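The values are calculated or read from the model by the stated rules, or taken from the named source; none is laboratory data. A quick note: this is a predicted structure, and the numbers were derived from the prediction, not measured. Reconstructed Cβ throughout: ideal geometry from the backbone, glycine too, with neighbour counts over all protein chains shown. Accessible surface areas use protein heavy atoms only, side chains included; no ligands, DNA or RNA. Shrake-Rupley method; radii C 1.70, N 1.55, O 1.52, S 1.80 Å.
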Amino acid sequence: MADLAAAEALIRGLMNQSNEERKAAEEAFEGLCQDPEKLCALLFTALSSSQDVTVRSMSAVMVRKRVTRDHFEKLSPQTQEQIKQTLITAVTNEPEASVRHKIADTTGEIAAMVMEEKEWPEMLPFLFASSKSP
């Protein structure tokens, strides 16, 4: 996993109102997008570990938009499994409803992408359990 402080700083930089600081963060983020392993480490660290609701929310949206099929296929099998587990855990444990919905949307996008060609055996039990919870 990536360093949480660095992940939060970059994501906050992407949301910064200062054009100069936001542009620097965007350049750093675009550089990360060239390395799917580092990109996923950063986004999933922020998504699963940040205490800042806005950072978790933005991380969920960025995962949905940036982790494409091409990116996912370039990840090691270990990272792919870690992503799947992190998404299920994050959607289950997220206290904020708005962030939980974003994580659920992201999980659905990743599931649709993954389950076309590969298996995600934890997904069906998770969906079944989720359908029974309030």
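Per DSSP H run of n ≥ 4, the term is -39500 (n - 2.57); total these for the chain, divide by its residue number, and report the mean residue ellipticity at 222 nm rounded to 500 deg cm²/dmol.
Theoretical 222 nm ellipticity from helices: -25000 deg cm²/dmol.
Given a 1.4 Å probe, how much area per residue of the chain is accessible, in Å²?
Result: 57 Å² per residue.
Within 14 Å, Cβ to Cβ, of Ser50, how many net charges do the neighbouring residues add up to if Lys/Arg are +1 and Asp/Glu are -1?
Taking every other residue near Ser50 into account, the sum is -2.
Ranked from the most accessible area to the least, with a 1.4 Å probe and all protein chains present, what is the order of Leu124, Leu32?
Leu124, Leu32
Roughly speaking, to the nearest percent, how much of the chain's 1.4 Å accessible area is carbon and sulfur?
It is 53 percent, rounded to a whole number.
Hey, what did segment 1-125 get for relative contact order, percent, Cα under 8 Å, at least 6 apart?
Once normalised by length, the contact order is 22 percent.
Can you check what the net charge comes to around Ala111, using other residues whose Cβ is under 13 Å from the Cβ of Ala111 (Lys, Arg +1; Asp, Glu -1)?
Net local charge, Ala111 excluded: -2.
Which of the lysines could a cross-linker bridge to Lys74, judged by Cα under 29 Å and excluding same-chain residues fewer than eight apart?
Within the straight-line cut-off, Lys74 pairs with Lys23, Lys38, Lys65, Lys84, Lys102, Lys118.
Find the all-direction average of the projected area of the Cα convex hull for segment 62-134, expressing the result in square nanometres with one decimal place.
Taking a quarter of the hull surface, the average projection is 4.9 nm².
If I model the chain as equal point scatterers sitting on the Cα atoms and use the Debye formula, what is log10 I(q)/I(0) at q = 0.11, 0.22 Å⁻¹?
-0.38, -1.40
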